[in-house]
Structures are given as C-alpha cells and as structure tokens.
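What follows is a short report on a single structure.
The values are calculated or read from the model by the stated rules, or taken from the named source; none is laboratory data. Just so we're clear, the structure is a prediction, and the values are computed from it rather than from any experiment. As a convention, Cβ positions derive from the backbone with ideal geometry for all residues, glycine included, and neighbour counts pool all protein chains shown. Only protein heavy atoms, including side chains, enter the accessible area calculation; ligands, DNA and RNA are left aside. Shrake-Rupley method; radii C 1.70, N 1.55, O 1.52, S 1.80 Å.
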Amino acid sequence: MATPLIAWFRQEARDLPWRRPGFPAWGTLVSEIMLQQTQVARVVPRLEAWLTRWPTPADLAASPPADAVRAWDRLGYPRRALALHAAASAIAEQHDNVVPRNVDALLALPGIGDYTARAVAVFAYGDRHPVVDVNVRRVLARALLGQGEPGPAKAKQDLPLMESVLPADRDDAAATNAAVMELGALVCVARSPACDACPIADRCAWRAAGYPEHDGPRAPKQSKFAGSDRQVRGLVMAELRASDVPVTRSEIEPVWPDAEQLDRALASLLRDGLAVGDDASGYRLPDG
DNA sequence: CTCCAGCGCA
DNA sequence: TGCGCCGGAG
C-alpha cells in the first residue's frame with residue numbers, strides 16, 4: 001500500500017511552507033502546534049510571521065508570553081501559544097536551543113502529545129515512527145478495517161496499525177506518513193471521499209465492502225460553541241490582546257451579558273495563566 | 001450544523 | 001477514558 005501512496009504524494013502533494021527544502025525543525029514544531037485543530041489555510045500566514053519574528057526557540061523565550069499570545073492572534077486555543085512559549089524556553093535552556101529529535105524528549109515538552117512528538121521526529125528529522133492524526137485514523141479505518149469512519153481515538157491501537165503500514169526504509173516511511181495524512185486531507189475526506197482519485201481505491205476494504213454504514217462506536221461529538229464558556233473566554237482574550245494596559249472589570253463586562261459566566265471564564269483564564277491581575281489592578285496578558 | 005495535522009486534565 | 005478548550009470556513 002505504501003508504494004502507490006508515495007507515488008501519489010510525489011505528484012499531488014500541496015506546496016506548503018513546512019515542506020520547503022531546508023525548513024528548520026523549529027518551524028516544523030511551530031507549524032505542528034498551530035495545526036492542532038486548526039486548518040492549514042489559517043495557519044500559513046501566522047506561521048510565516050511567527051518565524052520571521054522568532055527564528056529560533058531562544059528568540060521566542062526572550063519575549064514575554066504576552067507577545068506570543070498576541071502573535072497567536074485568532075488561531076484559537078490560546079493555551080497552545082503559552083505552551084509553545086514554555087516549550088521554547090525548555091528547548092533553549094535544556095536542549096542547547098535545538099529542537100529535540102528523540103520522541104520521549106519531545107513528549108516531555110508542554111503542549112506536545114503523541115501526534116506532535118512523532119510528527120516532529122518524522123517530518124523535521126526523517127526518523128521512522130508512525131504518525132497518527134485524524135486523517136490517518138480515517139484512512140486506516142476505511143482502507144484496512146472496512147469502516148466508514150474512525151471510532152474514538154485509541155493510541156494503543158492506532159500507532160501499531162500505522163506502524164504496520166510503514167516500509168522498512170526510513171525515507172519511505174516518512175513519505176508514507178505524509179502521504180496518508182495528505183490523502184486523508186485531500187481525497188479520503190470525512191464527508192464525500194473522492195474515491196475516483198484515490199491511489200489505493202482498488203485495495204480499500206471499505207470500498208470493497210460497498211461502503212457500509214458505520215456501526216461501531218463513534219467519536220464523541222464536540223460540544224456547542226455558541227454560548228459556551230469557550231466563546232466567552234475567546235471574547236475576553238480578544239479584549240486583553242487588544243490592550244497594552246490592564247483592562248478593568250468594567251471594560252470587560254460589556255463583552256458578555258451573563259456576569260456569572262463571565263466570572264467563570266475569567267477565573268479559568270487566570271487558572272490557565274492566560275490572564276493575570278485582579279479587579280483592583282485590572283487584567284492583562286502574562287508578561288513574565 | 002460539521003469539520004479541522006490534538007492536548008491535558010479530572 | 002471523557003470532556004473542555006477557539007475560531008473560521010463549507
């Protein structure tokens with residue numbers, strides 16, 4: 001299955017910044033964090049600006065976390081910006097400003113889990129590991145398991161399954177990882193897969209079975225955004241990002257009518273370290 | 001409405 | 001293991 005996938009990838013892969021020759025490992029790390037639950041099209045411009053401003057981890061570590069949160073802009077899940085700043089500090093101080101190559105060392109960094117650790121080791125350093133994201137899980141569920149959609153994520157099963165598909169050769173393994181992800185993003189998409197354009201359609205278990213409806217357990221549906229604490233947090237963060245001076249409680253209140261929910265959101269932002277301050281001194285992004 | 005190169009916590 | 005966490009495009 002790897003051979004036709006690699007051939008297809010050589011032909012059809014999108015021209016993306018992190019696939020440029022010579023793209024630094026630090027850039028790969030930043031891009032992977034930004035791409036967690038955020039689409040490629042929204043990431044690319046933020047990534048370019050980020051790397052221009054902070055070409056190495058130490059450059060980011062030398063700036064206050066507030067600058068990282070502002071540069072993150074509206075990519076969403078701003079805890080990622082805070083984690084990336086903390087990871088940059090750890091890399092600068094404990095790894096001689098070199099992004100780790102070892103998966104366990106990567107996993108020890110904040111904001112880096114099973115997916116991102118292996119993605120950096122594979123795409124930045126060319127090592128041989130299974131890289132499993134939602135695209136990979138969907139492609140494997142269909143091609144290998146004959147199921148229309150991937151069930152709830154199970155790293156214990158997903159990683160060995162992808163591993164079983166990887167060629168022995170390091171470079172071929174890395175290309176296969178990238179190819180399966182790209183196939184899931186461009187062809188084997190969630191809603192209406194373009195099986196006519198699929199390089200492995202002739203050996204897809206789901207297609208061979210006549211596209212049966214998914215029966216097993218489903219991935220949990222994500223909760224509503226409208227009216228959620230997440231929405232309120234986002235509105236408060238927008239206020240904090242926009243101000244160079246502490247924002248008073250009365251300046252924050254207009255963003256949301258429910259005072260109790262606003263309190264809850266603000267408290268959670270303080271708990272996450274995304275905001276600092278109090279009613280007396282006002283609230284601001286973390287500067288230390 | 002759903003989906004998106006997930007992570008970290010209880 | 002389930003859930004909360006952002007925001008924009010289709």
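Of all residues in the stretch A:100-109, which are open to solvent by less than 50 Å² (accessible area, probe 1.4 Å) and either farther than 21 Å from A:Ala153 by Cα or not β-branched (Val, Ile, Thr) (or both)?
Answer for the stretch A:100-109, where residues must be open to solvent by less than 50 Å² (accessible area, probe 1.4 Å) and either farther than 21 Å from A:Ala153 by Cα or not β-branched (Val, Ile, Thr) (or both): A:Pro100, A:Ala105, A:Leu106, A:Leu109.
Among the residues of the stretch A:117-154, what is the count of those that are free of Cβ contacts under 8 Å to residues at least 60 places away in the same chain and either under 26 Å from A:Ala209 (Cβ atoms) or in contact with a strand residue (DSSP E or B) (Cβ under 8 Å, 6 or more places away or on another chain) (or both)?
Residues in the stretch A:117-154 being free of Cβ contacts under 8 Å to residues at least 60 places away in the same chain and either under 26 Å from A:Ala209 (Cβ atoms) or in contact with a strand residue (DSSP E or B) (Cβ under 8 Å, 6 or more places away or on another chain) (or both): 11 in total.
Which one is least open to solvent (accessible area, probe 1.4 Å) among residues in the stretch A:80-99 that are within 15 Å of DNA strand C (Cβ to nearest atom) and in contact (Cβ under 8 Å) with a residue 40 or more places away in the chain?
If we take residues in the stretch A:80-99 being within 15 Å of DNA strand C (Cβ to nearest atom) and in contact (Cβ under 8 Å) with a residue 40 or more places away in the chain, then A:Leu84 is least open to solvent (accessible area, probe 1.4 Å).
Among the listed residues A:Val139, A:Val40, which satisfies the condition of being open to solvent by 10 Å² or more (accessible area, probe 1.4 Å) and under 30 Å from A:Ala205 (Cα atoms)?
It is A:Val40.
Any residue in the stretch A:27-37 that is free of Cβ contacts under 8 Å to residues at least 40 places away in the same chain, surrounded by fewer than 16 Cβ atoms within 10 Å (Cβ to Cβ) and either in contact with a strand residue (DSSP E or B) (Cβ under 7 Å, 6 or more places away or on another chain) or farther than 22 Å from A:Glu239 by Cβ (or both)?
The answer is no; no qualifying residue exists.
Which residue pairs have Cβ atoms under 9 Å apart, sit 6 or more places apart or on different chains, and have a first residue in the stretch A:237-259 that is polar (S, T, N, Q) and a second that is open to solvent by 40 Å² or more (accessible area, probe 1.4 Å)?
If the second residue must be open to solvent by 40 Å² or more (accessible area, probe 1.4 Å), the pairs left are A:Ser243/A:Glu251; A:Ser243/A:Arg284; A:Thr248/A:Asp279.
Might you let me know whether the stretch A:110-126 holds any residue that is away from DNA strand B (no atom under 14 Å from the Cβ) and either open to solvent by 30 Å² or more (accessible area, probe 1.4 Å) or part of a loop (DSSP other than H, G, I, E, B) (or both)?
So far as the stretch A:110-126 goes, yes, one or more of its residues are away from DNA strand B (no atom under 14 Å from the Cβ) and either open to solvent by 30 Å² or more (accessible area, probe 1.4 Å) or part of a loop (DSSP other than H, G, I, E, B) (or both).
Tell me, which helices (runs of 4 or more DSSP H) wholly within the stretch A:197-288 include 3 or more residues that are open to solvent by 40 Å² or more (accessible area, probe 1.4 Å)?
It comes to A:229-242, A:249-252, A:259-272.
Just give me the residues in the stretch A:183-194 being more than 19 Å from the chain's Cα centre (by Cα) and open to solvent by 30 Å² or more (accessible area, probe 1.4 Å), in sequence order.
Across the stretch A:183-194, the qualifying residues are A:Arg191, A:Ser192, A:Pro193, A:Ala194.
Starting from residues that are under 11 Å from A:Ala2 (Cα atoms), open to solvent by 10 Å² or more (accessible area, probe 1.4 Å) and not charged (D, E, K, R), keep the ones in the stretch A:160-174 and report whichever is nearest to DNA strand B (Cβ to nearest atom).
Selected residue: A:Ala174.
If I ask for residues that are away from DNA strand C (no atom under 15 Å from the Cβ) and either basic (Lys, Arg) or under 17 Å from the mean Cα position of the chain (by Cα) (or both), which ones from the stretch A:133-182 would you list?
A:Val136, A:Arg138, A:Arg142, A:Arg170, A:Asn177, A:Ala178, A:Val180, A:Met181, A:Glu182 - these are the residues of the stretch A:133-182 that are away from DNA strand C (no atom under 15 Å from the Cβ) and either basic (Lys, Arg) or under 17 Å from the mean Cα position of the chain (by Cα) (or both).
Take A:Tyr77 and tell me if it is among the hydroxyl-bearing types (Ser, Thr, Tyr), touching a residue at least 40 places away in the same chain (Cβ under 8 Å) and more than 10 Å from DNA strand B (Cβ to nearest atom).
Considered against the rule, which asks whether it is among the hydroxyl-bearing types (Ser, Thr, Tyr), touching a residue at least 40 places away in the same chain (Cβ under 8 Å) and more than 10 Å from DNA strand B (Cβ to nearest atom), A:Tyr77 comes out as no.
Any residue at all in the stretch A:28-39 that is farther than 26 Å from A:Leu270 by Cα, away from DNA strand C (no atom under 16 Å from the Cβ) and assigned to a helix (DSSP H, G or I)?
Yes, the stretch A:28-39 contains at least one residue that is farther than 26 Å from A:Leu270 by Cα, away from DNA strand C (no atom under 16 Å from the Cβ) and assigned to a helix (DSSP H, G or I).
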